[in-house]
Structure formats: structure tokens, C-alpha cells
Number of protein chains: 2
Amino acid sequence: MAMELDKLDRRILSVIQKDARRAAELIGADIGLSASAVQRRMARMRDEGVITAEVAVIDPKRAGHPLTMIVDVEVERERPELLASLKQWIAMEARIQEAWYVTGAGDYVLVVVARDVEDFEALMQRLVSDNANVRRFQTRVALSTLKRGMLIPMEPAD
Amino acid sequence: MAMELDKLDRRILSVIQKDARRAAELIGADIGLSASAVQRRMARMRDEGVITAEVAVIDPKRAGHPLTMIVDVEVERERPELLASLKQWIAMEARIQEAWYVTGAGDYVLVVVARDVEDFEALMQRLVSDNANVRRFQTRVALSTLKRGMLIPMEPAD
DNA sequence: GATGAAAAGCCGTAGTC
DNA sequence: GACTACGGCTTTTCATC
């Protein structure tokens, strides 16, 4: 289950993480492999969990969620059971796209999308009222999104 | 080109943004539509740019980039031409996954993945040496990733 | 153990009603 | 929006290295 990826695996990944609909035959032609070999490798990487998912990327603006916020959340670290329920809360909230627990002053960093300011404010109010260990939070509004993606760099080297 | 999405469109999106490989027939069965109707809607949404891309999601740890950093970059705002070249620099750097220009003290927020600390340090050194308008930056290391995705909330309501 | 070639099945596409 | 026929892609099998 914890196989190493070889050069060909990485070249396949570098293609499909930009375009998952690309035909295996075309990928194979680029990297010198038959279509079936490409598909077998893809199936293996799905099984092993290297490929987590294959998803459609939606334009947030077109989908009615034009606002993006970066929120730093400061929490009390004293009570571990409250941290666990905060994690669950975050997992449940569809508007919270990304969340990291980071070094620093007991902080979580959240990336949040919202329909509008009211929508966002309501979410933040629920954040503090539902989670007693949230001390304070600081919001930064994304004025423009320069880059958005989850592309993992794939070095050609082996 | 700027059509509104109806309830069925949104239900299709809510499925394929989690699983783009799901057959149109199965999606249609769930939402009460024929396979061809689902496909036609998907084709239309691709044309209109609602569906930006269909991509494979890779586990960063398995792909040799286990570290994630959140970097706040403070820039001088005086020279607009330097801002433009910084944007280009960010766009070119594969390790920078996400970048927002945010409200606050002339800040960019970056999400960066790296192989190890040295790899990350080298990137940050190039950031400051290649971009004269970068005043300072502050790094927070992601100790754990609670959530990662680009799922746009899809309200069932119409 | 992985590959390439061919067969079979499934899915997406396009045209029609 | 549904139905049908077609073409293409994926999946499986099999022989080979």
C-alpha cells in the first residue's frame, strides 16, 4: 500500500491533476506507454490512496459564493475535548473550505467562502457561540484570488 | 454565457465536485433526469465556465511534499509595476498552491507546499531576492490539515 | 511483476423527436 | 427533456518479456 512512485507514475499524475478527462491513450503517447498500462497505473494509484479523488472544479463566483475570507482563529488550548468538537464543527461547515492547525498563538487558519457579508457574519457568530474555546478571530477579506489549486509539484527527476 | 444555475444544475455540481467519475446515468437517477440531460447540462456548464476543470486530487504526502506553510507576505504598495511582476512570480512557482491579495497591511496570503524545510527556505529566499517590493514575510507551519478542498456550498433551495 | 495488443462492455456524444 | 445509434474510452483478458 505504500509503494514508491516511479517516473512514469509522476508524469501521469502531473497530467491528470490538471486534466482528469484526458484519455489514457493520449497520456501514454506523451510518456511512451500503452493506454492499458496508463490505466492500470491509475487504478493502482487510486487503490493506494495516491489519487485521493477526481473532482470537478467550480467557479465560486458563478456558484453564488463570490466572497473569500482568510480567518485566523485563536483558541484556548487547555481543554482537549473542546478542540475535538471544534474540529468536528469545522468539518461540518460547508463554507469552510480549508482549515489548518498552525504554529503560533493557538491558531487555526480557515479559508471560508460566502455568498455575502451577512452570510459570512452569521457563520462567524455561530463559530463563537458554538465553540466556547474560541477566544477571538481575525478576518482578512480576499480582494483578489491570484491562484487557486491543489497541484502538487512533480519533479521530473528520478 | 452568464446563465443562472437552476436546482438541477446545482445538484449535478454538488455530486461531481466530489466525484467527477460518477456516471451521468447514476447522477440522473438520483435527481430524476435522464443520462443525456445530465450530460448536456454538464457540457453547457463546461462551456459557460461554471465547471472550470476536472482534476485528480493527489495526496501531497504520498507525492513527496509533506509540508504545508501559510505565509503572510507584506509588500510595498508604491510601485504598481513591481506588484505585477510579483503576481507573475507567484503564478510561476509550482510550490505556491494558493495566493490571495487581502485586506490589511499590504499583505498576500500564500499556501505553500514543500518537500522539507530546506526546500521551503530556498523558495522564500528567492521570493525576497527576486522581488524588491517584498518587505517581510511571516511563516506559519501547518501542524495538521483538518480540511482541504474547493467544494462550493450548493444550497438545495431554488 | 509489468507490458502491449485485442476483445468486450460501458459511457459519453450527437442527432432526432 | 427523453430516446436511439454511434463512436470512443475504459476494462479485462491473454500472451509475452
Practice task
Order the peptides A:5-11, B:82-88 from the highest to the lowest mean number of other Cβ atoms within 10 Å of their residues.
Solution key: A:5-11, B:82-88
Problem - Sequence-distant residues sharing a close amide H with B:Q97 (under 5 Å, placed H) - result: B:V111, B:V112, B:V113
Completion exercise
Inter-copy distances for B:G106, nm, shortest first, label points 7 Å along Cα→Cβ, are 3.3
Practice task
Describe numerically, in nm with one decimal, the distance between label points set 7 Å from Cα along Cα→Cβ at A:R77 and at A:R126.
Solution key: 2.9 nm
Handout entry: Teacher prompt: A:D119 distances to equivalent labels in other copies, 7 Å Cα→Cβ, nm
Key = 3.6
Practice task
Note down the magnitude of the dipole of the protein assembly as shown about its Cα centre, charges +1 on Lys and Arg C-beta and -1 on Asp and Glu C-beta and zero elsewhere, to the nearest 20 debye.
Solution key: 500 debye
Handout entry: Computed FRET value (nearest 0.05) for B:A35 with A:D19, which takes r as the C-beta separation and R₀ as 30 Å
Key = 0.85
Exercise for the section: On the protein heavy atoms, probe 1.4 angstrom, tell me the percent of accessible surface of the stretch A:7-47 carried by carbon and sulfur. Expected result: 46 percent
Exercise for the section: Run down the lysines and flag those whose C-alpha is under 23 Å from the C-alpha of A:K61, throwing out any fewer than 8 positions away in its chain. Expected result: A:K18, A:K147, B:K7, B:K18, B:K87, B:K147
Handout entry: the stretch B:67-141, relative contact order in percent, only Cα pairs under 8 angstrom and at least six apart counted
Key = 51 percent
Problem - Integer Hz, Karplus 6.51/-1.76/1.60 couplings in order for the stretch B:18-35, x for Gly and Pro - result: 9, 8, 6, 8, 4, 5, 4, 4, 5, 4, x, 4, 5, 10, x, 8, 6, 4
Handout entry: Percent RCO, i.e. relative contact order, over chain A, from Cα pairs under 8 Å lying at least 6 residues apart
Key = 28 percent
Fill in the blank from the handout: Helix-only [θ] at 222 nm, chain B, -39500 (n - 2.57) per DSSP H run of 4+, per residue, nearest 500, equals -11500 deg cm²/dmol
Exercise for the section: Take A:V117, project a point 7 Å from its Cα along the Cβ direction, then tell me which residues of the stretch A:60-98 have their backbone nitrogen under 13 Å from it. Expected result: none
Practice task
Evaluate peptide B:91-100: per residue, the Cβ atoms of other protein chains within 10 Å of its Cβ; return the mean as an integer.
Solution key: 6
Fill in the blank from the handout: Inter-part gap, Cα centre of the stretch A:22-36 to Cα centre of the stretch A:37-112, in whole angstrom, is 32 Å
Problem - Phi-based couplings in Hz for the stretch B:145-150 (Karplus 6.51, -1.76, 1.60; Gly and Pro marked x) - result: 9, 7, 7, 8, x, 10
Problem - chain A: angle of helix A:117-130 to the longest principal axis, Cα-based, in degrees nearest 10 - result: 70 degrees
Exercise for the section: Once the label point is placed 7 Å from Cα along Cβ, list for B:K18 the distances to the corresponding points in the other copies, in nm, shortest first. Expected result: 3.0
Fill in the blank from the handout: the stretch B:7-47: relative contact order from alpha carbon pairs under 8 Å, six or more residues apart, as a whole percent, is 33 percent
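The values are calculated or read from the model by the stated rules, or taken from the named source; none is laboratory data. Please read all numbers here as calculations on a predicted model, not as lab measurements. All Cβ positions, glycine included, derive from the backbone under ideal geometry; neighbour counts span all protein chains shown. To get the accessible areas, we keep the full protein, side chains included, count just its heavy atoms, and leave off ligands, DNA and RNA. Shrake-Rupley method; radii C 1.70, N 1.55, O 1.52, S 1.80 Å.
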